[in-house]
1. For the chain, modelled as a GNM with alpha-carbon contacts under 10 angstrom, which of Lys15, Lys329, Lys46 fluctuates the most?
2. For region 305-354, which chymotrypsin sites (Phe, Trp or Tyr not before Pro) are both in a DSSP coil and crowded by at most 14 other Cβ atoms within 10 Å?
3. Over the chain, consider all pairs of different Cα atoms and compute the Kirkwood hydrodynamic radius from their mean reciprocal separation; express it in Å, one decimal.
4. What does the charge count near Thr195 come to, summing +1 for each Lys or Arg and -1 for each Asp or Glu among other residues with Cβ under 11 Å from its Cβ?
5. Tell me, what HN-Hα J-couplings in whole Hz come from the Karplus equation 6.51 cos²θ - 1.76 cosθ + 1.60 at θ = phi - 60° for each residue of region 41-48, using x for Gly and Pro?
6. Here is the link list: Lys171/Lys309; Lys15/Lys111; Lys105/Lys181; Lys14/Lys134; Lys111/Lys171; Lys108/Lys181. Which ones come out longer than 32 Å on Cα distance?
7. With n ≥ 4 as the cut-off for DSSP H runs, can you work out [θ] at 222 nm for the chain, using -39500 (n - 2.57) per run divided by the number of residues, rounded to the nearest 500?
8. So what is the accessible area of the chain per residue, in Å², with the probe set to 1.4 Å?
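The values are calculated or read from the model by the stated rules, or taken from the named source; none is laboratory data. Owing to the predicted nature of the structure, the values given are computational and were not obtained by experimental measurement. Every residue, glycine among them, receives a Cβ derived from its backbone with ideal geometry; neighbour counts consider all protein chains shown. Ligands, DNA and RNA are excluded from the accessible area calculation, which covers all protein heavy atoms including side chains. Shrake-Rupley method; radii C 1.70, N 1.55, O 1.52, S 1.80 Å.
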Amino acid sequence: MKSTGASLSVKGLKKSWGPTEVLTGIDFDIEPGGFLTLLGPSGCGKSTALRLVSGLDEVSGGSILIDGKDVTKVPADQRNIGMVFQNYALFPHMTVAENIAYGLKVRKVAKPVREASLERVAELMSLGPLLDRKPAQLSGGQQQRVALARVLVSERPLVLMDEPLSNLDAKLRTEIRSEIKALNKSLGITVVYVTHDQSEALSMSDTVVLMNAGRVEQVGTPKELYDVPATVFSARFIGTPPMNLLAVADVSLPDGVAASYGNDPADLLIGVRPESMQFPAGGADYSASCRITSIEYEGSVSLLHLTSKSGASFILSHSGDTLPSLEEKITVGWTQSAAHLFSKRTGERVLTSS
Ligand SMILES: Nc1ncnc2c1ncn2[C@@H]1O[C@H](COP(=O)(O)OP(=O)(O)O)[C@@H](O)[C@H]1O
Ligand SMILES: [Mg+2]
């Protein structure tokens, strides 16, 4: 069942509803067999972008190319795209087997071929024992597996998934997450995935397109987004707990950093991830004095909630054995390589040497 994935290229994609522009021109590209995720907060335009790619809605501007062919004006049913939504609409009166094979039947695929495809996908998704049940006799996770199987059996070279796991509990989400990823790799189908959950995006994707208010904030591999956030928005959206952002007044900086920043040093925001902050500070390039306001024990780490001299709150993820005590005044530190500098005014990354 190895199918060849399609390439997808989206250029300057725009969408307005009446006077409201909800997509202001977004661009991204995926290679055949790639896994690209549109990530961003609720309302930023992820579903809109997916619906435009699928052909369910008409674009207000820009173009969509599948395998290099412009399909911007091609009707949805001729784009050869599979879709999985958050609310998997299975036919309640059909069995699991009938639900999965439905699309093939509509396309008049011969019965023996249908049955062979069904058997393969049922095995792949561990649905064999459930084939004769009706959707009402399945758990939410099983129903979503059937919805995925139905799309996979159709062997479309491009599959779009809109928050397909958000109705499932945490354990199932993690399981199906790795199943989807494995299927993408083993079948070679190209996947465009939509989620607001950054950990889902980081764990599954080859490429993440981080969206904010109808535009693209940053495109990169999960590691690029985590290691080199291009903006304050990226820095705060990727990572849990989010990156700390401190004002110059709260931080003791290495010599020359503030001076080498041409603009007003008060415009600098100093970012550091909770897991890159050290306590004790010993030998760090940057340091900050603070007070411990609360301690959250999480098993492998403890989150120290801290308050700076000026009253700003931030978090240190502490993995050492010795915990400081509540209300204690401490100094925390971090290295040059863990520091992310941004302009408060533009929200953009500054002073990046590499
Ligand atoms: N059919 C529609 N008519 C008017 N506004 C819409 C319509 N669909 C979506 N929107 C608006 O477009 C914006 C983006 O929505 P959507 O793409 O669903 O966001 P997301 O999927 O990222 O949560 C939202 O402000 C939403 O209210
Ligand atoms: Mg949505």
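1. So, out of Lys15, Lys329, Lys46, the one fluctuating most is Lys329.
2. Details: sites: Phe314, Trp334, Phe342; in loops: none.
Hits after loop and neighbour filter: nothing returned.
3. Details: mean 1/r = 0.0439 Å⁻¹.
Kirkwood radius, the chain: 22.8 Å.
4. Values: positive: Lys46, Arg173, Arg177; negative: Asp162, Glu163, Asp197, Glu200.
Charge balance in the 11 Å sphere: -1.
5. Residue by residue, region 41-48 yields x, 3, x, 7, x, 4, 5, 4 Hz.
6. On the way: Lys171/Lys309 41 Å; Lys15/Lys111 42 Å; Lys105/Lys181 27 Å; Lys14/Lys134 41 Å; Lys111/Lys171 36 Å; Lys108/Lys181 29 Å.
Too far apart for the 32 Å limit: Lys171/Lys309; Lys15/Lys111; Lys14/Lys134; Lys111/Lys171.
7. Numbers: 9 runs with 89 residues, N = 354.
Calculated from helices alone, the mean residue ellipticity at 222 nm is -7500 deg cm²/dmol.
8. Working: 16410 Å² over 354 residues.
Per-residue accessible area for the chain comes out at 46 Å².
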